[in-house]
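Please read the structure below before turning to the comments.
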Amino acid sequence: MLHGPNLNLLGTRETSVYGTATLSEIDRDLKRLAEKEGVKLMIQQSNSEGELVDRIQKAAGRYHAVLINPAAYTHTSIALRDAIVSVGLPVVEVHLSNIYRREAFRRHSYIAEVAIGQICGFGACSYSLGLLAVIHHVRAKPKNKR
Ligand code: DQA
């Protein structure tokens, strides 16, 4: 699980848009869900684009898939998109808010076109739904190609 920039501020950041759950609470729920599903989950947050690129590169060969909330880099980062394509790992994109109901600049995602799918608009629940989706995808392979 990769969390992008400013998500470390969840709980106090624009609560009318992102809700009041903190990142630690979201991570705790994700860990519980992963344990229940019997999967190993590594969680990292970074405010830096380059670090997220490094994490995606390092995931290759070590993890089966990547769940990511790229936050603002969703709308700007060709580097993240290229990293995803380069490693060839299945990626599920999640957002707390429904990015299609917000400002025009949020309505385009560079990641969506290279992800298996995207879940947005369900607040903290988007993460659990995303984790279940990515687990389902990995378990369904090789039937279910990227
Ligand atoms: C976000 C949506 C992005 O547009 C924004 O920049 C974020 C959070 C979300 O989870 O709703 O930081 O990814």
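Accessible surface area normalised per residue over region 2-140 is 50 Å², counting heavy atoms of protein chains with a 1.4 Å rolling probe.
Over region 2-140, with every protein chain in place, what whole percent of the accessible area is carbon and sulfur at 1.4 Å, could you tell me? Carbon with sulfur: 51 percent of the solvent-accessible area.
Largest to smallest in accessible area, the residues I111, I43 fall in the order I43, I111 (1.4 Å probe, all protein chains included). When only Cα pairs below 8 angstrom with a gap of at least 6 residues are kept, the chain shows a relative contact order of 25 percent. Surface listing: C120, C125 arranged by accessible area from highest to lowest gives C125, C120, probe 1.4 Å. Over every pair of different alpha-carbon atoms in region 53-146, take the mean of 1/r and invert it; report that Kirkwood radius in Å. Taking the inverse mean of 1/r over all distinct Cα pairs, region 53-146 comes out at 13.4 Å. Taking amide H as placed 1.01 Å from N in the peptide plane, V94 has its amide H under 5 Å from the amide H of I68, N69, I119, each at least 5 places away in sequence or on another chain. Under the simplified labelling scheme, the K31-V114 pair shows an inter-label distance of 3.0 nm, with each label point 7 Å from Cα along Cα→Cβ. Taking only alpha carbon atoms, region 41-105 gives an Rg to Rh ratio of 0.96, where Rh is the Kirkwood radius.
The values are calculated or read from the model by the stated rules, or taken from the named source; none is laboratory data. No experiment lies behind these values; they were computed from the predicted model shown. Please note: Cβ atoms are built from the backbone with ideal geometry, for glycine as well, and neighbour counts cover all protein chains shown. For the accessible areas, the whole protein counts, side chains as well, though only heavy atoms, and no ligand, DNA or RNA atoms are used. Shrake-Rupley method; radii C 1.70, N 1.55, O 1.52, S 1.80 Å.
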